[in-house]
Amino acid sequence: MSLHQDAVSVLSSWTAPTPGEEALRTEFLEHLRSHDDAMLRECVPGHLTATTAVLSHDGSRVLLTLHPKAGMWLPMGGHCEVSDDALGAVALREAHEESGIAGLELLPGPLALDKHSVWCHPPLCWHLDVEYAAVAPPGAEAVISTESLDLRWFPVDEIPELSDEATRRLAARGQAALSSGSRAFG
């Protein structure tokens with residue numbers, strides 16, 4: 001199965017928890033139907049991306065990156081690569097690359113959808129963001145990558161003001177999924 005086919009399958013079978021996310025799910029599926037390259041950063045006016053909230057082993061904290069372009073504390077995430085074959089794998093790859101943490105375990109997902117404007121193709125481009133959560137092994141130490149100004153663990157219920165509601169929502173949903181005992185693959 002191709003990454004494009006996987007995205008259609010994931011989004012077709014996902015039950016959106018809110019009316020707003022159901023509207024996004026429908027929009028993302030229409031974008032996939034309309035653009036053969038919807039998974040790649042070259043696709044204008046937007047493309048699907050994968051984001052991952054990295055949680056501590058007990059789910060009490062979330063690892064956030066101080067994003068150099070956005071100037072905000074955000075979860076790990078980014079663009080799909082031509083070699084990727086599944087959205088969950090993209091989420092896990094991006095989380096590992098940006099956190100430096102080996103052995104992350106992806107929780108079943110997606111947990112949320114978000115759409116936001118970005119700087120990929122000025123003057124306007126959209127990230128159609130499919131969001132997951134992963135759990136770090138006990139004692140995991142993050143390593144700052146070139147894609148980050150800083151990495152810090154924050155209590156899930158104390159994410160700094162210099163963040164956004166999508167980050168808070170994803171961290172809380174990840175914490176709830178972990179508390180319920182959900183596991184996917186790692």
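The values are calculated or read from the model by the stated rules, or taken from the named source; none is laboratory data. Everything numeric here is computed off the predicted structure, so don't read it as measured data. Positions of Cβ are backbone-derived with ideal geometry, glycine not excepted, and every protein chain shown enters the neighbour counts. Note: accessible area is taken over every heavy atom of the protein model, side chains too, but ligands, DNA and RNA are not part of it. Shrake-Rupley method; radii C 1.70, N 1.55, O 1.52, S 1.80 Å.
Of all the residues in the stretch 123-134, those that are open to solvent by 10 Å² or more (accessible area, probe 1.4 Å) and either free of Cβ contacts under 8 Å to residues at least 60 places away in the same chain or among the β-branched types (V, I, T) (or both) number 1. Being open to solvent by 20 Å² or more (accessible area, probe 1.4 Å), at pLDDT 95 or above and either aromatic (F, W, Y) or closer than 26 Å to T146 by Cα (or both): is that true of A86 here? Here the answer is yes, as A86 does meet what is asked.
In the condition set (1) more than 14 Å from the chain's Cα centre (by Cα); (2) under 19 Å from L151 (Cα atoms); (3) touching a residue at least 60 places away in the same chain (Cβ under 8 Å); (4) buried (at least 17 other Cβ atoms within 10 Å of the Cβ), L92 is compliant with all but (1). Select from the stretch 145-167 the residues that are polar (S, T, N, Q) and open to solvent by 30 Å² or more (accessible area, probe 1.4 Å) and list them in ascending order. The one that is polar (S, T, N, Q) and open to solvent by 30 Å² or more (accessible area, probe 1.4 Å): T146.
For the stretch 61-71, check the following and say yes or no: at least one residue is free of Cβ contacts under 8 Å to residues at least 60 places away in the same chain, open to solvent by less than 10 Å² (accessible area, probe 1.4 Å) and out of contact with any Cys (no Cβ under 6 Å at 6 or more places or on another chain).
Applying the first criterion (free of Cβ contacts under 8 Å to residues at least 60 places away in the same chain) to the stretch 61-71 yields 69-70.
Filter once more, so that each one left must be open to solvent by less than 10 Å² (accessible area, probe 1.4 Å): none.
Scanning the stretch 61-71 turns up no residue that is free of Cβ contacts under 8 Å to residues at least 60 places away in the same chain, open to solvent by less than 10 Å² (accessible area, probe 1.4 Å) and out of contact with any Cys (no Cβ under 6 Å at 6 or more places or on another chain).
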